[in-house]
Amino acid sequence: MMVIQGRAYYRGALRGLALGIEDGVIRVVKKTLRGDERYDFGDRILLPGGVDVHVHFRDPGLTQKEDFFTGSEAAAVGGITSVLDMPNTQPHATSPDRLKEKRATVTPKANVDFGLFGGVLQREDIARLEPYCHAYKFYWAESFGGLAGSGEDLPGILGTLRDVSRPLTVHAEDPTTFRPRTEETLPDHHEARGAEAGEGNALRKLVSWHPSDRVHVAHLSSRVGLEALRGAGLSVEATPMHLLLDMTADLGSHGKVNPPLRPPADREALWKAFAEGQVDVLATDHAPHTREEKGETFDNAPPGAPNVETVYPLMFGLVQRGDLSLDVLVRALCRRPAALFGLRGKGSLEVGMDADIAVFDPRERSRIRSRDLHSKAGWTPFEGWEAIFPTATFLRGTLVAEARELEEDRQGRWIPLAASTA
Ligand code: DOR
């Protein structure tokens, strides 16, 4: 048996424990254990590997921005051990054949465990794609990659969800309310895709259609959005960008994302809700574009920013400063996304779960620097921010990253699908 020892986050508290691992699965948890292979991390902290249910690894078709190897390398180094990849790759992951091909293309490059979103445009897609994807994605508005559906089709799509076992993530911005203009600044971008009209309207409509609780709202950005969702029973995610940055940031086109960064009051409201545990999921919307692409004029620059390597380090750094509770972080980045998206074996350190572990040393405070990161993007919106990067990351018991470098590559696997019902 292999043993990993340290201060483990176990049943809601940090305790000095030994995790006994066989075949990549935690078999026993005790104060001390003997084992043939031992990692003793002393007073360092063992947390569940992060589960990021919103990444764009750009493979196939857009691999100048990222590929599945580099995206999942960045994830592993940052303590994220499971990801769900979005369908706005080229070609779009919108049919059984394309999902099968995408799976075959990315599997040999995966450094963390993964699943795929199927892109949905019509109600028929829901049953058709169920055997091939972990979850569905509906883009209500165009953002990047040309995969927007029509809002008129959404009620019909929602109606078919009760027949299947997978969740639907909705990019909830209502494009009929957009006010296109030539944009030069982050406030321009916010005005063009307004919070009240764009996100507020979309979410009020969505809630009025009484969707099932398997609807998940992607990257919430605003106070009106929060209000629209109150009591509606849908799950919701927030990104590190919308939680920690706003449109006053000095980022220019590097801060251009969809939905846009909002005024400070929105960020504050979102952070408060998140810190109080009212936001189900912390997901990155890791959306890499190269430095050259982001260096275009503001108006022409593509929306999106890389975040998968920095989310856990940034947030764990905030936990250590006393700005966020560890319980909220582990729930939002590990346990809840795994449960909502049916990712069995993921999201907590318990007997029977995969030994996916991020090891943190609270003394290892550093500053985020682009040159140290692994995404092909080559930049970060959090340049210079304080963070605590993991000392080591284990994927099903294998040491896959250590000291901010990949240690063993291509260990990632397709996460088994929850049974199909269609
Ligand atoms: O900013 C964004 N970029 N928002 C999205 O919804 C898509 C993403 C991308 O794929 O670049």
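Please treat every number below as a calculation from the coordinates, not as lab data. Only a predicted model underlies this, so the values are computations on that prediction, with no experimental measurement involved. A quick note on method: Cβ atoms are made from the backbone with ideal geometry, for glycine too, and the neighbour counts reach across all protein chains shown.
Details
- The stretch 251-280 versus the stretch 305-337: alpha-carbon centroid distance in Å: 15 Å
- The spacing between the stretch 160-180 and the stretch 16-56, judged by their C-alpha centroids, is 37 Å.
- Mean-position separation - Cα centroids, the stretch 360-422 and the stretch 230-247, in angstrom: 22 Å
- Computed from the Cβ-Cβ distance with R0 of 25 Å, the FRET efficiency linking R179 to L121 stands at 0.50.
- Extension reserve of the A192-T32 stretch, reckoned as 0.36 nm per residue once the Cα distance is removed: 51.8 nm
- Full-extension gain in nm, E386 to D163, via 0.36 nm per residue minus C-alpha separation: 75.7 nm
- Bridge type composition, the chain - antiparallel percent by DSSP, nearest 5: 50 percent
- Take every pair of alpha-carbon atoms less than 8 Å apart whose residues are at least six positions apart; their mean separation over the length of the chain yields a relative contact order of 22 percent.
- For the stretch 97-189, the percent of C-alpha pairs falling in each 10 Å distance bin, counted from 0 to the bin holding the largest distance, reads 14, 39, 28, 17, 2.
- Sites S95 and D40 - FRET efficiency at Förster radius 45 Å, r taken between beta-carbons, to 0.05: 0.35
- Fewest-first ranking of S370, S253, S375, using other Cβ atoms within 10 Å as the exposure measure: S370, S253, S375
- Potential lengthening between R11 and E293 on full extension [0.36 nm per residue; Cα-Cα distance subtracted]: 97.1 nm
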